[in-house]
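The values are calculated or read from the model by the stated rules, or taken from the named source; none is laboratory data. For clarity, every value in this text was computed on a predicted model and none was experimentally measured. Don't worry about glycine lacking a Cβ; one is built from the backbone with ideal geometry, like all the others, and counts go over all protein chains shown. To get the accessible areas, we keep the full protein, side chains included, count just its heavy atoms, and leave off ligands, DNA and RNA. Shrake-Rupley method; radii C 1.70, N 1.55, O 1.52, S 1.80 Å.
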Amino acid sequence: MSNEKKGVLAAFFAYAFWGAFPLYWKLLEHVPSMEILLSRVIWSFVFTVLAVIVFGMRKDLLADLKYLWSHQKHFWQLAGASFVISMNWYLYIWAVNHNHLIETSLGYYINPLLSVILGVIFFKEALNRAQWVATGIAFIAVIILTINYGSIPWVALLIAISFAIYGVLKKKIKLDATRGLAIETLFILPFALGYYVYLFTTNHASFLHVDVKTDILMIVSGIVTAVPLILFAKGAQNIPLYLLGFIQYVSPTITLVIGIVLFKEPFSQIELLAFSIIWAALLLFSGSKIIEVRRAHHKSA
């Protein structure tokens, strides 16, 4: 199998994993969202550090830490990224366990277009006419949903904004996915452990206080977090960015289907119209990007 095919498969399974995440978090519905988040941080750190040791990357991890400490701008950027992605994780877990699955799906559909706008603002990236039109069309869909809900879809927008900001902060920092997750969770680890001390001393902790199934699910959340990230890294190394961008829509599509079919969340005709507009915008955006990349490839050939 060629590297590109392996890359496509790895990326597809990473996004399929992420799309199916709600099924996992629903099993922990009885645990407060903040505790799930902090448990996820602690166990992600434990399992990624174990992975670093098993794969013989200890020296690389130490080199990464030394590099970040000697490049303070990158150090603080990554610290900021760690807090932003933690906020994103919290929003996602809270939304899943409070029956906002369709809104989380919307957030991850909007995210790529929002990332593009931030790319224009912060990195002076250029967009062609079709890409600007696609962004405008998606914005219209959000306005339709806002009018339909009678309020701004804050969950979707905050999920999209936090993930887009995370992308901006991480853009200039090149780190291996496994070591990167170990360092990112390290930044949040003191807060997570401190909060757990508070939970245990006030008898509010679910971990070790509910049942064995809950404890196992909370521990395994670390592996569940790490596996798709490692798959994603393998995919990103072997396929072009535009193809990776196209495959990413697998994730919110799976989440949307789970929300409608399994958890029977209401999905009105207005929402179907708005989502259809977003899908059209994403097709236009991705199509124009693929054409642009191929033209550039032919010119350089």
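Data for the structure
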| item | result |
| --- | --- |
| All positions within the stretch 107-160 that are without any contact (Cβ under 8 Å) to a residue 12 or more places away in the chain and within 22 Å of SER86 (Cβ to Cβ) | TRP154 |
| Selection status of PHE122, touching a Lys or Arg at 6+ places or on another chain (Cβ under 9 Å), over 18 Å from LEU186 (Cα atoms) and assigned to a helix (DSSP H, G or I) | yes |
| Single residue of LYS66, LYS59, LYS73, LYS5 found to be free of Cβ contacts under 8 Å to residues at least 60 places away in the same chain, part of a helix (DSSP H, G or I) and under 30 Å from ILE254 (Cα atoms) | LYS5 |
| Matching residues in the stretch 3-57 - criterion: being of a type in the set (S, T, N, Q) and open to solvent by less than 30 Å² (accessible area, probe 1.4 Å) | SER33, SER39, SER44, THR48 |
| Residues being under 11 Å from SER115 (Cα atoms) and either touching a strand residue (DSSP E or B) at 6+ places or on another chain (Cβ under 8 Å) or open to solvent by 40 Å² or more (accessible area, probe 1.4 Å) (or both) - total across the stretch 146-165 | 3 |
| Which listed residue is in contact with a Gly (Cβ under 9 Å, 6 or more places away or on another chain) and not in a helix (DSSP H, G or I), from LEU157, LEU91, LEU127 | LEU127 |
| Sole exception among (1) at pLDDT 95 or above; (2) open to solvent by 50 Å² or more (accessible area, probe 1.4 Å) for LYS73, by number | (1) |
| Exclusive hit being touching a helix residue (DSSP H, G or I) at 6+ places or on another chain (Cβ under 9 Å), more than 24 Å from ILE183 (Cα to Cα) and surrounded by 15 or more Cβ atoms within 10 Å (Cβ to Cβ), set VAL96, VAL84 | VAL96 |
| Test set (1) assigned to a helix (DSSP H, G or I); (2) open to solvent by less than 60 Å² (accessible area, probe 1.4 Å); (3) aliphatic (A, V, I, L, M); (4) under 19 Å from VAL41 (Cβ atoms) - ALA236 fails condition number | (4) |
